[in-house]
Structure formats: C-alpha cells, structure tokens
2 protein chains.
Amino acid sequence: MTNYDKFFSHAAGFMRESAIRQMGAVLAAAKDMVSFAPGYPAEDVFPWQAFGEIAKGLLGGADGSVLQYGPTRGYKPLREAVVELMRSRAIASSLERVVITTGSQQGLDLVGRVLLDPGDVALLELPSYTGAISAFRNVGASMVGIRQQADGIDLDHLDETVARLRREQRRVKFLYLVPNFQNPSGLLIGLEKRQRVVEWAERQDVLIVEDDPYGDLYFPDVSRVEETRPIAADDRHNRVIYLSSFSKTLAPGWRVAWISAPEPVAAKIELAKQAEDLCSGGFDQRVVYEAWRQGILAGHLPDLRAHYQRKRDAMSGALSRTLAGRVTWDPPRGGFFLWVRLPDGLNAAQLLPVARAHGVIYVVGSAFFVDGSGPEYMRLSFSAPPPDRIEAGVTRLAAAVSEMTSGVTSSVSR
Amino acid sequence: MTNYDKFFSHAAGFMRESAIRQMGAVLAAAKDMVSFAPGYPAEDVFPWQAFGEIAKGLLGGADGSVLQYGPTRGYKPLREAVVELMRSRAIASSLERVVITTGSQQGLDLVGRVLLDPGDVALLELPSYTGAISAFRNVGASMVGIRQQADGIDLDHLDETVARLRREQRRVKFLYLVPNFQNPSGLLIGLEKRQRVVEWAERQDVLIVEDDPYGDLYFPDVSRVEETRPIAADDRHNRVIYLSSFSKTLAPGWRVAWISAPEPVAAKIELAKQAEDLCSGGFDQRVVYEAWRQGILAGHLPDLRAHYQRKRDAMSGALSRTLAGRVTWDPPRGGFFLWVRLPDGLNAAQLLPVARAHGVIYVVGSAFFVDGSGPEYMRLSFSAPPPDRIEAGVTRLAAAVSEMTSGVTSSVSR
C-alpha cells in the first residue's frame, strides 16, 4: 500500500471542506428536503430563452474563436463591458485593471495567491464569507476577525487590532469586505462608513478587497441604488481590489466574474491565472458579453430584485408567524440571506441534525467566523426555493426549534 | 502613490509569463502573421453543428441545474463517462478517483498545490510542457530535469538524479511525464519503457503525474492505438495521477478536462478545487457529456487523426523542401508539434525577431527546459493553420534562417 500522507503539501494538510458544500452533499442524498443552505440563485428566473438564442448565434461556426483558447485576462469586449458596467456603479476602472475570472471564487483565490504568504494577516469581518475564508486559508494566511456594528465593520476594533498585530510584527496585507448585503449577515455597510474605510486603508497602509456579488440585488421597498455605492468608487489612493460576478445576475453555470485591481496587482493576477487555468471559458464569456450587449442583463435586474424581495417576504413572514420571540434577525435589504440568531442556549450545530430530521437544512453560523464564534447563528438562504417551499421549510425549522427547546426545558426540569 | 511591491507574496515574485502566451500577444498585434506558436486545435474541425444542437437542447430550461452551481468534483454523468473513456484506454479508474477540472491547466495547478511545498522536487523531462513548469513553479517547487532518449525518458539519468537529490536530503515528490506525442518534442514513450517507469516509481517510492492530452491523436500512417497505452494502465501500486482533456478532441473553449488520482489524492484535489473555483462550468460539462453520450466524440476522432496527419505532412514536406540539411527533426507520430533543431551556432531566441519580421512565429525551445538549456530548439505547432498557410510559414521561416546564417557567415568573415 502506498502511503500518500508523506506526499501531501503542508497546504493540503489544512484544506477543509466548506460547510456550504457539505450541505450540498446532504441535499443530493435527501428526498423532500427544503434547503436553505447553499446561496443558489433561482433557476426559474434565468433568461433561458435569451441564452438559447445567443448560443445559437455563437455556435453557427462563423467565429471559430468562440470555442478556442482565449487571452488569460479574458475576452476583450467583455472586459470593456465590465469597465462600462463598473462606471455605472461610479467606479473609474480601465481595461488594464480588469481580469475576467472563473467565478468570483477564482478571484478570491488569485488575490490570496498574489498577496498572501503563509502567516500574513488578512482581516475579515465577523462573520465573513466562507469562500474567502477557504481561499485565504489555503495559502496559509492568518485570518483575524473584526466585529460588525449596525452600519458595518467596527473601525475602532479595526484600529486596535491592526495596532496589536503590528506590535506583534505581523504583516497585515488587506481587509476583506462584502459591503452590499453581506454573505452571510445580509448587512449593508453605511455610506459614511464606506468613506471612513477608504481613509482607514490609506492611513494604515493596507489594501481593501471588496467583494460585491449582490450589489445589483437591492430590494426596492427598503433600499436605494445609491446605498450600494461600492467602496471602490471612492478609492482615491488605488487601494481597493474590487470583485464582482455575473453568477447572481445571469447564471452561475457560466462561471464568469471579474476583478478590477490596481494595474501592478492586475498584472500579477494575470500571471497567477495563466498557470491556474490558462483562461476562463470562451463560450461562457461570449454568452455573458452578448447578454450584456443586448441589454438582457439590464432588463432583467428589476425582475430579479422583485423576485428575491418576494422571497425575503416569504421567509421573513413565515419566521414571524412561527418563531417570533424565539429567534431574531435583521430583515435583509437585498441579497440572498437571512441571518438568524437562535435563542440563548440553542446551538445551530446541535439544531442541524434535528432540523434535518424535520426536512430542512441551513448552514451553521460558526462556519462564517474566523475566530470560531457564532454558534448561536444560522444562515438561511431564501434565494432558490419557491415561496411555498420557503414557508414549508420555516415551519419545519420552527418544529425543530420547538423540539430542541422543549428538550432543553425538560432536561432542565428533570 | 501606493507601493504594491511590499504587498505581494513571495510566489508573486517568481511568477513568469509563459513563452507561449507571449507569442499569443504578438499574434494578436500582427497582420498576416503565420503562427506556429500556440498549440491551438483547428477551429474548422470542431463539431459546430452538433454543439449547436446540444446547446439548444440544454438551454430549453427543462433542467435548471444546467446553469446552476454544480458539485466540485464535476457533473456525475460526465465523471461516469470519463471512467468509461479511461476503461477504453485500459485504465481501471472509478468514480471516486475522478475530478473534472477547468482545463488540464487547472489539473496541473491542483496537483502542484496538494503535493508540492516550496523546495520540494518535481522531476520533469528535458524538454517538458511549459504549462506544467508554470504550475509547479508557482507553488515554489524545485524542478529538476531528466534527459530524454529515443524511446523516452532516460531511466539511468532518473536513478542517478534521484540518488543525488536524496543524498542532498531533498524531497522528491513526483515525475511529470507526457508519454504520448509530448508537448513540445512530439516524443512517444516506448511501451517497454512505460512498464519500467512504473516499476521505477515503486522502487523509488515516488508518484508519477501522467499528462495525456494527445493520446487520441495518433497518426494512423505510423502509429497504432496500442502504442499510446497510458502508463496508468499498468499502475499496479496506485502511484499514477492521470490527467487528460477534451480540449484537443472537442474544443478548448469548453474548459473541460479531468484528473484520475488515487482516492486520498483525489479527495485533497477536490478540497483544493473547492477554494479555487468552486466547480467547473456546468453548461460546458453538459455539452461535453452529451458529445460523448451521443457518440460525437468517438465518431469525430478518426477525422481529427487524418486532419492533423495531413498538417504534419504539410509541415514536414515544406521543411524538407526548404530547410533540409540545415535543420533536423524527428517526424512526429501524433499530436500537434514538430520539434526542430537549428544548425550549430543558430539560436532560436535570436532567430525569432528575424522570423517575426518575415511574418512567422514559433515558441523558443529553451522555454521548455527547466535547466535553461535547449537554445538550438524551436517548437512549431502545425495544428491550427491550414496546409497552405503552413507552407507559407515554413517558407518564411526558411528565409529567416537563410538571413541569419548568411548574417552569421558574413559577420564571421568580416
């Protein structure tokens, strides 16, 4: 028998399966399970017909390069489109700053590879996105958590933490933020705080990695587009690396996202990508480009906002009816997630098998905390299931909570 | 001005642009350039019509998962197809060993990440594929070259090298090989030598990374399918990590390739891929699966073999007519490449600007040697251009060689 352990790299030793992907495996094995686990966009609102027509045009064979290897930085017209798209978000980017990536996950991975050596510090919110945690962990980074406040990251805690890290001679490379409808908390960082974050980065001489997949998906009943203004829009000192994606607004199956970074950083990212997958899918990039060029993306966004707003209402309403007073949450103003705090003494990891037995799953909140905290939180995604399934799932979840809390009570009284 | 240098990782410092991709940039900027540089498959023989029909079926919207996030290991029916496809190559794989990757380049990168720590040794042939060199370099590996013989890698040199490295306390992780019609040399490793390589790996307790994108593209006039039998087919001790791809047999724009690895290695590769791009393109994987299921791939291969054999003839014939006696090459028995040795005193890097001025480009051979040798070689890809362009390109190349050699002569005589 060959012993493989001695062949593995140090990094292979600390790679971990994501809690979100684990739930995907549970789901694949289950019947009639309501899944609030992965943040999947709703398939029924993908613009199928438009995609079909675009594909037909592209596969006519008139342009052979559609299925050929392409430039590592991506299909140039798409990169130009991305520059224009960012301009509509008030970001002054340029062709030289843009790299198309194979989903935003690759963007996070590339950022980690070109900026982080083992032991280098990446600052992340408490909680933060698991995909970023995985990418930074896999390059051996040391991740340090920063508390959130109602209007976003706690700047005092940020200053204290950086001061402490520097006393310890640690190298702080960047702060990773999801400013719009954060995965998992749904939090929208306030406009004034965004300004202060940019100033903070310049003052402290660190970079900001701004991950913005949900900015387009604000809920018109409680949010305005102005409130989603990216941090990169006010990046006067070229300190922001901005990531966004078409996965939530068109479809994730195309695996098309982008990074806009200061030119020297973009150049390194290109080199890293060249050895990582040569180029992103050529066909996928053309489809996305055509969907943008033909106005399908822009025309689609209002429908998507309304769609996910209705689903938020379905989940929020069902939670109010079945779990009010037992769990708490801040109604999200956009995005895919509802971040629920369980009653004292109830642990989301302990609740999960009970919920699963009742036919509903979610992601435990602790997966999103780099300091191991957050056992009382769970992330519920309302994006994929239809409203009636959302209601059924919340009802099951309420039954699971009841079972757990009565169990707690009875074991206390016994 | 922000100084970015201090933010970059150590790895970012040694990342390099591939010589092949550099030529891509040259090509994009030029008019009427004949490119023998990138090993692009011929676009005109992609099965466009079949792809169009498959896409139409997939985008009907009946199966929403076509454009959804998918499992990290890949679309299960495609993984099953890959197991069957490998069975036809005499490899006993299994679902648990297979991971679909975003092109073989990602496979090489993932192999590097899970097996190599900085300073670990990867053994590569002299010459070897630049994409592998880039991937292993980017994780900080130390790459050591092994000479080739007419029937493939020099086993005596392999033994001597490993003995020396072990005396130096170096950790030798694997030997990387492209056994079938190697990129760049075109070399086909002999069957007996393949057996001996497997035995060698067991005796020396190292792994083999077998990269096989060209095995299906043997030239029937001089090769038989039996001669392409993968090393993995005789892997009795589970030491072979096998990579192959649909990029050369269907189209690279789909970015679909695979790894078959011992289960513990496949499990690590899955974890690494999860943080690297979550999953490969869902639509791409379905298209490739359908092309396999409907027999399009199998029906297409004889045409591809004939197509590339004709192009080899075109290049080989043109070289014989214009450069016989001045350059030498072994006629390739499959694949995309003709590996040309220049006359003594002529350097491929010095010839390149002259060739470019004459309207033809190639990749300098030294890019493929991890020990910096090989200045007298150049790699000519005959896969993409049509036969008349191949002839025009070789004529230009001959003119460039003439200019250089007469220049050399005159500067000597001056």
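For the reader, a short list of remarks on this structure follows.
- Taking the listed residues A:SER128, A:SER35, A:SER88, A:SER94, the one that is in the same structural domain as A:ALA306 (by TED's automatic domain parsing) and of a type in the set (S, T, N, Q) is A:SER35, with no other qualifying.
- Just one of the numbered conditions (1) in contact with a Phe, Trp or Tyr (Cβ under 9 Å, 6 or more places away or on another chain); (2) away from every other protein chain (no Cβ under 14 Å); (3) not aromatic (Phe, Trp, Tyr) is not true of A:VAL265: (2).
- Answer residue from region B:276-288, given it is touching an Asp or Glu at 6+ places or on another chain (Cβ under 9 Å) and part of a helix (DSSP H, G or I) and is nearest to A:GLY24 (Cα to Cα) among those: B:ASP277
- Candidates in region B:39-76 are the residues that are farther than 13 Å from B:VAL287 by Cβ and of a type in the set (Phe, Trp, Tyr); of these, the one that is surrounded by the fewest Cβ atoms within 10 Å (Cβ to Cβ) is B:TYR40.
- Under the condition of being within 21 Å of B:TRP258 (Cα to Cα) and free of Cβ contacts under 8 Å to residues at least 12 places away in the same chain, the residues counted in region B:53-91 number 3.
- Only listed residue being acidic (Asp, Glu), modelled with pLDDT under 95 and under 26 Å from A:VAL401 (Cβ atoms), chosen from A:ASP313, A:ASP330: A:ASP330
- The condition (being more than 8 Å from chain A (Cβ to nearest Cβ), over 28 Å from A:ALA251 (Cβ atoms) and modelled with pLDDT of 95 or more) is satisfied by just one residue among B:LEU323, B:LEU250, B:LEU297: B:LEU323.
- Matching residues, region B:1-25, being farther than 19 Å from B:GLY103 by Cβ, touching a helix residue (DSSP H, G or I) at 6+ places or on another chain (Cβ under 7 Å) and hydrophobic (A, V, I, L, M, F, W, C): B:PHE7, B:PHE8, B:ALA11, B:ALA12, B:PHE14
- Hey, A:ALA349 of a type outside the set (Asp, Glu), without any contact (Cβ under 8 Å) to a residue 60 or more places away in the chain and buried (at least 22 other Cβ atoms within 10 Å of the Cβ) or not: no
- The listed residue being closer than 23 Å to A:PRO230 by Cα and surrounded by fewer than 24 Cβ atoms within 10 Å (Cβ to Cβ), out of A:GLN149, A:GLN169: A:GLN149
- A:LEU380 meets the conditions (1) aliphatic (A, V, I, L, M); (2) at pLDDT 95 or above; (3) more than 19 Å from A:LEU126 (Cα to Cα) in every case but one. The failed one is (3).
- Some residue of region A:211-227 being in the same structural domain as A:ASP151 (by TED's automatic domain parsing) and touching a His at 6+ places or on another chain (Cβ under 7 Å): no
- Every residue from region B:2-58 that is in a loop (DSSP other than H, G, I, E, B), among the hydroxyl-bearing types (Ser, Thr, Tyr) and within 24 Å of the chain's Cα centre (by Cα): B:SER18, B:TYR40
- Within region A:93-150, the set of residues being in a helix (DSSP H, G or I), within 8 Å of chain B (Cβ to nearest Cβ) and hydroxyl-bearing (Ser, Thr, Tyr) comprises A:SER134 only.
- Any chance B:ASN183 is at the interface with chain A (Cβ under 10 Å from one of its Cβ atoms) and either under 14 Å from the mean Cα position of the chain (by Cα) or modelled with pLDDT of 95 or more (or both): no
- Of all residues making up region B:272-294, the number that are away from every other protein chain (no Cβ under 14 Å) and buried (at least 24 other Cβ atoms within 10 Å of the Cβ): 0
- Residue check, B:GLY24 in the same structural domain as B:ALA355 (by TED's automatic domain parsing) and free of Cβ contacts under 8 Å to residues at least 12 places away in the same chain: no
- Residue selected from region B:14-38 under the condition surrounded by 11 or more Cβ atoms within 10 Å (Cβ to Cβ), at pLDDT 80 or above and more than 9 Å from chain A (Cβ to nearest Cβ), by the criterion nearest to A:LEU115 (Cα to Cα): B:PHE14
- Set A:PRO302, A:PRO343, A:PRO332: member being surrounded by fewer than 21 Cβ atoms within 10 Å (Cβ to Cβ), more than 14 Å from chain B (Cβ to nearest Cβ) and not in a helix (DSSP H, G or I): A:PRO343
- Failed condition for B:ARG229, given (1) among the basic types (Lys, Arg); (2) out of contact with any Cys (no Cβ under 9 Å at 6 or more places or on another chain); (3) buried (at least 24 other Cβ atoms within 10 Å of the Cβ); (4) more than 9 Å from chain A (Cβ to nearest Cβ): (3)
- Subset of region B:39-58 [at the interface with chain A (Cβ under 7 Å from one of its Cβ atoms) and within 30 Å of B:VAL364 (Cβ to Cβ)]: B:TYR40, B:GLU43, B:ASP44, B:PHE46
- Number of positions in region A:217-237 that are out of contact with any strand residue (DSSP E or B) (no Cβ under 9 Å at 6 or more places or on another chain) and free of Cβ contacts under 8 Å to residues at least 40 places away in the same chain: 3
- So A:SER406, is it part of a helix (DSSP H, G or I), free of Cβ contacts under 8 Å to residues at least 12 places away in the same chain and over 16 Å from A:MET33 (Cβ atoms): yes
The values are calculated or read from the model by the stated rules, or taken from the named source; none is laboratory data. All figures in this text were calculated on a predicted structure; none of them were measured in a lab. With ideal geometry, Cβ positions are generated from the backbone for all residues, glycine too; neighbour counts draw on all protein chains shown.
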